[in-house]
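Here's the structure we're looking at; comments come further down.
The values are calculated or read from the model by the stated rules, or taken from the named source; none is laboratory data. In this text the structure is predicted, and so the values were computed from the model without any measurement. Neighbour counts are summed over all protein chains in view; Cβ atoms, including those assigned to glycine, are modelled from backbone coordinates with ideal geometry. Ligands, DNA and RNA are stripped out before the accessible areas are found, and what is left, the full protein with its side chains, is counted by its heavy atoms. Shrake-Rupley method; radii C 1.70, N 1.55, O 1.52, S 1.80 Å.
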Amino acid sequence: FVQTNRWGGLLLTFMLAFVAIVACFPLGILLALGRMSGGTHKLAFKAPPRWWLNPLQWLHALSIWWRNLGNYPIIKLLCIIYIEFLRGVPLVTVFFTANLIVPLALGDNSIDAVLRAMVALTLFEAAYIAEIVRGGLQALPPGQLEAAKALGLSPVQATLFITLPQALRIAIPPLVGQFITMFKDTSLVAIIGLTELLGISRAVLAQSDFIGRHRELYVFVAIVYFVFSYGMSYAARQLERSGSGAFRKIRSEERRVGKECEVPCR
């Protein structure tokens, strides 16, 4: 057993990226579903014109805004606040908060630094994953959900078996792009005292035997990042080619055949 305070180099980079990717993906899906709860369209509640000029209309406008949040306004509002707040702050701030403010608030400094970094990276990236998944859900035609309701499926069944799988297929390219960005963002943990791949390279440069080897060292680090980032991108292309890419190709072929069949009928 090796304690986490002895982790460093490429192992720490892999562990941070792996844990963050595995943990932020389901959390991002839940946040996206929470923000989409109650429907994507606005209800037929409209505030009076120039309501902000009349203090008597403020309460009425607030009630209209609350009803426009849908059937689960509290869940939707909390998800919106979480996503917009974490997307509006830099990752460096989140790392500093997890490393300094959280132990101060809890009154316990025994929480492992690597665990704090993993939790901070997971919570930060979940907000971006949620927006990517929400974009995939909004890209679906409304007929998919209507067909699921016509078949008698419950909202949970329609989400799990109809809308969510299609949305994830559509969102494969931006999801993989975000995962690659997450893998490269692990280098920021050096500011809180963790020696990941880039941090261990600086430690190597501090040794007298490797003075003046900046070029070789940074080229090697760049090659390592490129190899693993390109590997994830290649795997995503293969997945898209067999999944969402094949699905879109079939749909485009069906539309083309349908147009060809319409011409003789006219």
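Scanning the stretch 200-213 for residues that are open to solvent by less than 60 Å² (accessible area, probe 1.4 Å) and under 23 Å from residue 92 (Cβ atoms) turns up 201, 203, 205.
In the stretch 78-106, how many are open to solvent by 70 Å² or more (accessible area, probe 1.4 Å) and not aliphatic (A, V, I, L, M)? Steps first, answer last, please.
First pass over the stretch 78-106, keeping only residues open to solvent by 70 Å² or more (accessible area, probe 1.4 Å): 78, 81, 84-85, 87, 90, 96, 100-101, 104-106.
Then keep just the ones that are not aliphatic (A, V, I, L, M); that gives 84-85, 87, 90, 96.
Result for the stretch 78-106: 5.
Exactly one residue among 200, 129 is more than 23 Å from residue 22 (Cβ to Cβ), in a helix (DSSP H, G or I) and of a type in the set (A, V, I, L, M, F, W, C), and that residue is 200.
In the stretch 117-136, the count of residues that are in contact with a helix residue (DSSP H, G or I) (Cβ under 9 Å, 6 or more places away or on another chain), free of Cβ contacts under 8 Å to residues at least 60 places away in the same chain and charged (D, E, K, R) is zero. Checking each residue in the stretch 224-234 for being of a type in the set (A, V, I, L, M) and either touching a residue at least 12 places away in the same chain (Cβ under 8 Å) or open to solvent by 90 Å² or more (accessible area, probe 1.4 Å) (or both) picks out 224, 232. Checked against (1) more than 19 Å from residue 4 (Cβ to Cβ); (2) without any contact (Cβ under 8 Å) to a residue 40 or more places away in the chain; (3) surrounded by 15 or more Cβ atoms within 10 Å (Cβ to Cβ), residue 75 meets all criteria but (2).
Name the one entry in 120, 148 that is within 25 Å of residue 193 (Cβ to Cβ) and in contact with a Ser or Thr (Cβ under 9 Å, 6 or more places away or on another chain). Steps first, please.
Numbers: 148 fails: within 25 Å of residue 193 (Cβ to Cβ).
Step by step, each of 120, 148 is checked, and only 120 is within 25 Å of residue 193 (Cβ to Cβ) and in contact with a Ser or Thr (Cβ under 9 Å, 6 or more places away or on another chain).
For (1) among the β-branched types (Val, Ile, Thr); (2) touching a residue at least 60 places away in the same chain (Cβ under 8 Å); (3) out of contact with any strand residue (DSSP E or B) (no Cβ under 9 Å at 6 or more places or on another chain); (4) at negative phi, each residue gets a yes or a no:
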{"site": "102", "(1), (2), (3), (4)": "yes, no, yes, yes"}
{"site": "107", "(1), (2), (3), (4)": "no, no, yes, no"}
{"site": "115", "(1), (2), (3), (4)": "no, yes, yes, yes"}
{"site": "141", "(1), (2), (3), (4)": "no, no, yes, yes"}
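Checked against (1) surrounded by 20 or more Cβ atoms within 10 Å (Cβ to Cβ); (2) aliphatic (A, V, I, L, M); (3) modelled with pLDDT of 90 or more, residue 197 passes all but a single condition, namely (3).
Consider residue 132 carefully, then state whether it is out of contact with any Asp or Glu (no Cβ under 6 Å at 6 or more places or on another chain), at pLDDT below 90 and aliphatic (A, V, I, L, M).
On the way: out of contact with any Asp or Glu (no Cβ under 6 Å at 6 or more places or on another chain): yes; at pLDDT below 90: no; aliphatic (A, V, I, L, M): yes.
Taking the combined requirement at face value, the residue does not satisfy it.
Mind listing just one residue for me: the one in the stretch 121-170 that is acidic (Asp, Glu) and either under 25 Å from residue 85 (Cβ atoms) or within 17 Å of the chain's Cα centre (by Cα) (or both) and, of those, most open to solvent (accessible area, probe 1.4 Å)? Within the stretch 121-170, the match that is most open to solvent (accessible area, probe 1.4 Å) is 131. Looking across the stretch 1-37 at every residue that is of a type in the set (S, T, N, Q) and part of a helix (DSSP H, G or I), the one that is surrounded by the fewest Cβ atoms within 10 Å (Cβ to Cβ) is identified as 5.
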